[in-house]
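Just so it is clear, none of the values below were taken in a lab; they were calculated from the coordinates. None of these values were measured; they are calculated from a predicted model. Heads up, the Cβs are rebuilt from the backbone with ideal geometry, glycines too, and the neighbour counts pull from every protein chain shown.
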Amino acid sequence: MSTVNTTSYQPTTTFDPITIGSFKAYDIRGELGVTLDEDIAYRIGRAFAQILSQRIDDDAELETLKKAVVIGCDIRDSSEALKQATIAGILDAGVNIIDLGMTGTEEVYFATSHYQALGGIEVTASHNPINYNGLKLVKEHSKPISADDGLAEIQALAESGDFAAIKQKGELAILTDKSAYIDHVIGFIDIDKLKPLKIVINSGNGSAGPVVDLLIDKLVQADAPIEIIKLHHKPDGSFPNGIPNPMILANRESTRQAVLDNKANVGIAFDGDFDRCFLFDETGEFVDGSYVVGMLAQAFLNKYPNESIVYDPRVIYNTEAVIDDLGGKAVISKSGHSFIKQVMRESGAVYGGEMSAHHYFRDFFYCDSGMIPWLLTIELLSITGKSLSELVNGYISAYPSSGELNFRLTTHDAQAIIENIESRFADEKPSKSTLDGLSLDFGDWRFNLRASNTEPLIRLNIETRGDKDLLKAKINEIEDWLAQQGAVPA
């Protein structure tokens, strides 16, 4: 570890009021040179550190925390400069920095709790286009920060530039060793239970490669009979093989083909900051995230009987069936990481999952990880002796679903459409939930319709109880109805 007190960024000495358009509901995400630049990053870092350090001064329960912020960044070409500007702002707020170097978001989550820091920042735009970047923020104990829980206050201070004077700048410690994080993650599985498996791992030229290498080293040291085929493995901020976003259909082809060419048991792909993990079965088929939630619920309930599992309301039939069959406790939560994490803390849930490929773990500070899911998957394949398709195809047949269908709004706003569709089905007297958008359940089928938080989109999920023909009919029916409302496929 080395300690210095300077960065490569030199801030301005005056702070005129500005408007920062990169603040979102849960994080900061903006177009470079338009809504996000180094000066804005400096202001955000300084505001973040000032507000969090004031909380320590005001709350006796936080006195044990170090007056420090951990920070890391992804591999994007713009990330290091934004990180240096953010660091300068934090130091100028009189708060120390632990710089983790190039990291994934979950490494910041881990380090915030591991080092007992007052907060953490990952500079990343995850899967967004190359001309975007952003900051993901957490407070003490790796708890999320949302617009109604500190983020709006940080924005207001950053925009005003009315920063408090300090007596002494903070110190910068560079600590890039990943050993504690790697040991913690690998501890989620019993390596001795692993059977011979061939695995394709597509890091997407994002930040995952170095962590994958360290985890593989652990498996090799333990004589695990695992063969790894690395794809797009080297971190490269120019993303020569495209933005790492496996939700884009075209981006799945390289992983699918590599699974087939190598006759692999499973394929794994990550987004840019690897907080999401995507799976492909041995036939190269992409596994929808809602079925992965059910599979990981099974893995945890086999290890920890009767525990609580948290899930989001977009697609629920399969997850609830798995939890019920294995004697777990089903706890539903509004989608979104801040909601899932809060509900998990309140219920003590061992695992929480979203169909968007975010998976949360009680023993990972209730945070999401993209590395833990694939390790649990290869352990489950080894323990059951089943292929991945055998594990999930039964789920898919029993509870077929549409996957998330996105529609762009051209006339009505999202709320008007949601109110109209409730009226459209009122005569059928479905059970109703407004936990997250609108969910209507008709017994043999259900749907969830919700507005996007960040785009002019409305998102639809439909599922049935074992009836593919009914699923197809309802998709067509609701798509046609949405078109009449001015919502067209995105």
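Please tell me the relative contact order of region 186-398 in percent, rounded to the nearest whole number, where contacts are Cα pairs under 8 Å and at least six residues apart.
On the way: 437 pairs, mean separation 45.1, N = 213.
Answer for region 186-398 is 21 percent.
Centre-to-centre, using Cα atoms only, region 153-232 and region 438-490 are separated by 37 Å.
In plain terms, the chain from Lys329 to Ala250 could stretch by 24.7 nm, reckoned as 0.36 nm per residue minus the Cα-Cα distance. Each of Ser113, Leu82, Ala152 was placed along the dipole of the chain (beta-carbon charges, centred on the mean Cα), and the one lying farthest toward the positive end is Ser113. The residues Val123, Val292, Val343, when put in order of fewest to most other Cβ atoms within 10 Å, stand as Val343, Val292, Val123. Applying 1/(1 + (r/R0)^6) with R0 = 41 Å to the Cβ-Cβ distance of Ile229 and Ser433 gives a FRET efficiency near 0.45.
Counting only DSSP beta bridges with both residues in the chain, what percent are antiparallel, rounded to the nearest 5?
Values: 46 of 78 bridges.
About 60 percent, rounded to the nearest 5.
Taking a Cβ cut-off of under 15 Å around Phe188, the surrounding Lys, Arg, Asp and Glu residues balance to a net charge of -4, with basic ones at +1 and acidic ones at -1. Loop-located chymotrypsin sites (Phe, Trp or Tyr not before Pro) across region 1-95 with a Cβ neighbour count of 11 or fewer within 10 Å are lacking, with loop assigned by DSSP. Labels on offer are (i) 59, 59, 41; (ii) 83, 63, 40; (iii) 68, 58, 45, and the one holding Cα extents along the principal axes in Å computed from this structure is (iii).
Take the Cβ-Cβ distance between Ser389 and Asp148 as r, set R0 to 35 Å, and report the resulting FRET efficiency rounded to the nearest 0.05.
Rounded to the nearest 0.05, the efficiency is 0.25.
Taking 29 Å as the straight-line reach from the Cα of Lys334, the lysines in range (excluding those fewer than 8 positions away in the same chain) are Lys24, Lys136, Lys139, Lys143, Lys303, Lys429, Lys432, Lys468, Lys472, Lys474.
What share of the DSSP beta bridges in region 57-190 is antiparallel, in percent to the nearest 5? Bridges in region 57-190 that DSSP calls antiparallel: roughly 30 percent. The modelled label-to-label distance for the pair Lys468/Asp261, using points 7 Å beyond Cα in the direction of Cβ, is 3.0 nm.
Taken one residue at a time, the phi angles of region 400-412 give Karplus couplings (6.51, -1.76, 1.60, θ = phi - 60°) of x, 9, 7, x, 6, 9, 10, 10, 8, 7, 10, 10, 4 Hz. Gly and Pro are set to x.
Return the FRET efficiency for the residue pair Lys303, Gln484: r is the Cβ-Cβ distance, R0 is 56 Å, and the value is rounded to the nearest 0.05. Working shown, then result.
Working: r = 49 Å, r/R0 = 0.87.
Once rounded, the FRET efficiency stands at 0.70.
Taking 12 Å as the straight-line reach from the Cα of Lys195, the aspartates and glutamates in range (excluding those fewer than 8 positions away in the same chain) are Asp223, Glu227, Glu379.
Tell me, in nm to one decimal, what length is gained between Ala416 and Glu61 on full extension, where the rule is 0.36 nm per residue of separation less the Cα-Cα distance?
On the way: separation 355, 0.36 × 355 = 127.80 nm, distance 4.49 nm.
Net length gain for the segment: 123.3 nm.
The helix-only estimate of mean residue ellipticity at 222 nm for the chain, built from DSSP H runs of length n ≥ 4 each weighted as -39500 (n - 2.57), is -11000 deg cm²/dmol after division by the residue total.
Whole-Hz Karplus values for region 199-216 come out as 10, 8, 10, 9, 7, x, 6, x, 8, 6, x, x, 5, 4, 4, 5, 5, 4 Hz, taken residue by residue from phi with 6.51 cos²θ - 1.76 cosθ + 1.60 and θ = phi - 60°; glycine and proline positions read x. Between Val220 and Lys193, the modelled label-to-label distance comes to 2.6 nm, taking each label 7 Å out from Cα in the direction of the beta carbon.
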